[in-house]
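The values are calculated or read from the model by the stated rules, or taken from the named source; none is laboratory data. Note that this is a predicted model, so its numbers are computed, not measured. Cβ atoms come from the backbone with ideal geometry, glycine included; neighbour counts cover every protein chain shown.
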């Protein structure tokens with residue numbers, strides 16, 4: 001199966017103004033947690049598409065996507081207006097290598113997301129296999145305000161001694177959440193204090209997904225701690241997916 005297929009919206013949730021999740025029913029090939037699909041609409045007779053990580057577990061019958069509206073954009077203002085019963089275009093074949101298959105052996109996995117970059121981590125958490133590979137998992141979600149903490153209740157419910165969920169707010173303060181950008185939390189040591197253990201090249205692998213500026217800055221902070229980019233031919237400690 002290849003190309004684009006119609007996907008019917010069966011559920012829509014608005015987390016904050018301009019931030020929604022959509023569940024679609026579509027005849028697609030199975031995905032691996034962490035992969036993405038092209039999603040879009042036909043505009044002026046041509047498909048207008050953007051890549052979105054699948055947030056649903058591979059076993060889920062629907063395809064779920066977390067979508068942030070880009071003001072002035074051509075596609076996202078229309079996607080975020082879709083409702084139940086509407087139809088979008090979705091690629092039948094999943095893509096991407098931001099999966100556990102390409103993560104080297106490590107004791108601790110740190111998943112760092114900003115904004116809609118949380119999507120692939122939702123698929124990984126929902127799949128329920130992280131503890132087969134790692135002793136401890138930390139999931140950090142950096143947003144501006146509490147409203148933008150999509151899936152917060154679900155992640156809180158899934159939290160345990162082995163899975164630590166850490167929200168971070170850059171423009172607000174709230175008990176139980178880190179204050180400031182995730183890059184500052186790393187530099188100031190607040191991230192590790194909240195997790196309860198150190199981020200080290202001996203034990204850790206880091207997955208980054210979100211704003212490219214965050215990825216660049218966070219990677220630089222990790223490099224100062226001895227964690228380098230992971231490559232197939234040159235194993236390291238940091239993998240990333242830019243979400244912009």
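Within the range 55-70, the residues that satisfy the criterion of being out of contact with any strand residue (DSSP E or B) (no Cβ under 6 Å at 6 or more places or on another chain) and touching a residue at least 24 places away in the same chain (Cβ under 8 Å) are 57, 58, 59, 60, 61, 69. For the range 37-46, indicate whether the set of residues that are surrounded by fewer than 22 Cβ atoms within 10 Å (Cβ to Cβ), outside the structural domain of residue 14 (by TED's automatic domain parsing) and in contact with a strand residue (DSSP E or B) (Cβ under 7 Å, 6 or more places away or on another chain) is non-empty. No, because not a single residue in the range 37-46 is surrounded by fewer than 22 Cβ atoms within 10 Å (Cβ to Cβ), outside the structural domain of residue 14 (by TED's automatic domain parsing) and in contact with a strand residue (DSSP E or B) (Cβ under 7 Å, 6 or more places away or on another chain). Tell me, which strands (runs of 3 or more DSSP E) lie completely within the range 62-119 with 1 or more residues that are closer than 27 Å to residue 217 by Cβ? Of the strands (runs of 3 or more DSSP E) lying wholly inside the range 62-119, those with at least 1 residues that are closer than 27 Å to residue 217 by Cβ span 63-68, 108-114. Among the candidates 224, 203, the residue that is without any contact (Cβ under 8 Å) to a residue 40 or more places away in the chain and surrounded by fewer than 21 Cβ atoms within 10 Å (Cβ to Cβ) is uniquely 224. What do you reckon, is residue 107 surrounded by fewer than 18 Cβ atoms within 10 Å (Cβ to Cβ) and more than 25 Å from residue 49 (Cβ to Cβ)? Spelling it out, residue 107 is indeed surrounded by fewer than 18 Cβ atoms within 10 Å (Cβ to Cβ) and more than 25 Å from residue 49 (Cβ to Cβ). Each residue in the range 153-192 was checked for being part of a loop (DSSP other than H, G, I, E, B) and closer than 19 Å to residue 109 by Cα, and 5 pass. Looking for whichever is at pLDDT 95 or above, assigned to a loop (DSSP other than H, G, I, E, B), touching a strand residue (DSSP E or B) at 6+ places or on another chain (Cβ under 7 Å) and surrounded by fewer than 15 Cβ atoms within 10 Å (Cβ to Cβ) here; the options are 11, 27. Which one fits? Just a single option satisfies the conditions, and that option is 27. Criterion applied to 18, 34 was being farther than 16 Å from residue 76 by Cα and either modelled with pLDDT of 95 or more or within 21 Å of the chain's Cα centre (by Cα) (or both), and the one residue passing it is 34.
In summary, residue 60 fulfils each of the numbered conditions (1) surrounded by fewer than 19 Cβ atoms within 10 Å (Cβ to Cβ); (2) over 19 Å from the mean Cα position of the chain (by Cα) with the single exception of condition (2). Residue pairs whose Cβ atoms lie under 6 Å apart, sitting 6 or more positions apart in sequence or on different chains, and linking a residue in the range 172-196 that is outside the structural domain of residue 215 (by TED's automatic domain parsing) to a partner that is modelled with pLDDT under 95, do not occur here. In a residue-by-residue description of the range 189-199, the property of being under 16 Å from the mean Cα position of the chain (by Cα) and closer than 21 Å to residue 117 by Cα applies to no position.
Return yes or no: is residue 150 in a loop (DSSP other than H, G, I, E, B), surrounded by 15 or more Cβ atoms within 10 Å (Cβ to Cβ) and in the same structural domain as residue 118 (by TED's automatic domain parsing)? Yes.
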